[in-house]
1. Set the Förster radius R0 to 25 Å, insert the Cβ-Cβ distance between Leu248 and Tyr45 as r into 1/(1 + (r/R0)^6), and round the FRET efficiency to 0.05.
2. Might you report the magnitude of the Cβ-based charge dipole of the chain about its Cα centre, with Lys and Arg at +1 and Asp and Glu at -1, to the nearest 20 debye?
3. With runs of 4+ DSSP H residues as the only contributors, calculate the mean residue ellipticity of the chain at 222 nm using -39,500 (n - 2.57) per run, divided by the residue total and rounded to the nearest 500.
4. For a quick protection proxy, order the peptides 44-54, 99-109, 58-68 by their average other-Cβ count within 10 Å, most packed first.
5. Report the full-extension gain for the segment Ala110 to Ala144: residue separation times 0.36 nm, less the Cα-Cα distance, to one decimal in nm.
6. What are the extents of the Cα atoms of region 4-154 along their three principal axes, in Å, largest first?
7. Applying a 10 Å radius around every beta-carbon, put 225-232, 113-120 in order of their mean neighbour count, most first.
8. In what order do Met224, Met242 fall by count of nearby beta-carbon atoms within 10 Å, going from fewest to most?
Amino acid sequence: MQTNSDTLITVFGGSGFLGRHVVRALAKRRYRIRVAVRRPELANYLQPLGTVGQIQAVQANLRYPASVEAAIRDASVAINLVGILFERGRQSFEAVQHFGAEQVALAANAHGARLLHVSAIGADEHSSSLYAQSKARGEQAVRAASPGAVIVRPSVVFGPEDDFFNRFGSLARFLPVLPLIGGGQTRLQPVYVVDVAEAIANLVESGAGAGKTYEFGGPEVSTMREIMEYVLAVTERRRLLMPLPFGLAKVQAWFTQFLPNPPLTPDQVELLRTDNVVSEEAIRTHRTLQGVGIAPASYEAIVPSYLWRFRKTGQFRTGRFA
């Protein structure tokens, strides 16, 4: 009888924000894990998450099919977590989130490996956002190459190392005015990174969901204004929240997109035109976190544990806003 320790899983993007939590969740279940990344020498920090020899980092680049095929060889399951929030050089949305997703699916199908592909809520080939378009084309390519693949669409993922709440907390430290793009009415459903990772591990372990698409969101649906107000309350900052029309936001983002780690790009402005919440269909068909046995954590229960570092007084609360 095969046990988890006999099963090899290849995780593409296993050293990223979501990836490290997925690797931890799989390691707890005693799977053998091959972490496929562009720079394996930078992924050695993952090894203490498991026992000796349980986690191995290998080189793979989704733009090079041969490296993808080599990384999947002998694996029973492949998980693709690779995604980018902005384009740089050859790392384009099309290359990573469409072509790259297709290569993983083709290799998984060729080697008889089950595939779990992480996309995003908002994936839409008709979207005005190139990010959302590439995510949708990636899903289509995955379905064509590996019809039994499980597709997971999370909303905005948060956690101690996130680029969401931390970004707003950082901006609130030095900007007297914080923009509310489109008036701050876009609705989001932030989901805890640990919950997403545990749900992925549950889907792997149960073998359920073949050919299905799941949508993962947290227990609260909040507008961008509500989220910004919450960040200011936790960080004890008084800042003016100024509505900024989408057109003006795109002009501003045109300049900031050239920064090494841009706070905003024109494509991200386009993403904010559409709500990012779990669909009614996913709820009705139980293809949600609750449907795979996870009770999602509220961001209000998690975020203060790491956003305190943006207060003037750190962990100590003054009761007065700066």
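1. On the way: r = 41 Å, r/R0 = 1.66.
After rounding to 0.05, the efficiency reads 0.05.
2. Numbers: 35 positive and 27 negative charges, 178 e Å.
For this selection, approximately 860 debye.
3. On the way: 12 runs with 113 residues, N = 322.
When only DSSP H runs of four or more count, the value is -10000 deg cm²/dmol.
4. Details: 44-54: 13.9, 99-109: 24.8, 58-68: 18.5.
Most protected by this proxy first, the peptides run 99-109, 58-68, 44-54.
5. On the way: separation 34, 0.36 × 34 = 12.24 nm, distance 1.30 nm.
Here the answer is 10.9 nm.
6. The Cα atoms of region 4-154 stretch 47, 29, 28 Å along the principal axes, largest first.
7. On the way: 225-232: 19.0, 113-120: 23.9.
Put in order of decreasing packing, that is 113-120, 225-232.
8. Numbers: Met224 20, Met242 11.
With the sparsest Cβ surroundings first, the list reads Met242, Met224.
Throughout, read-outs are computed from the coordinates displayed, never taken from laboratory work. Please read all numbers here as calculations on a predicted model, not as lab measurements. Quick reminder, even Gly has a Cβ in these numbers, built from the backbone with ideal geometry, and neighbours come from all protein chains shown.
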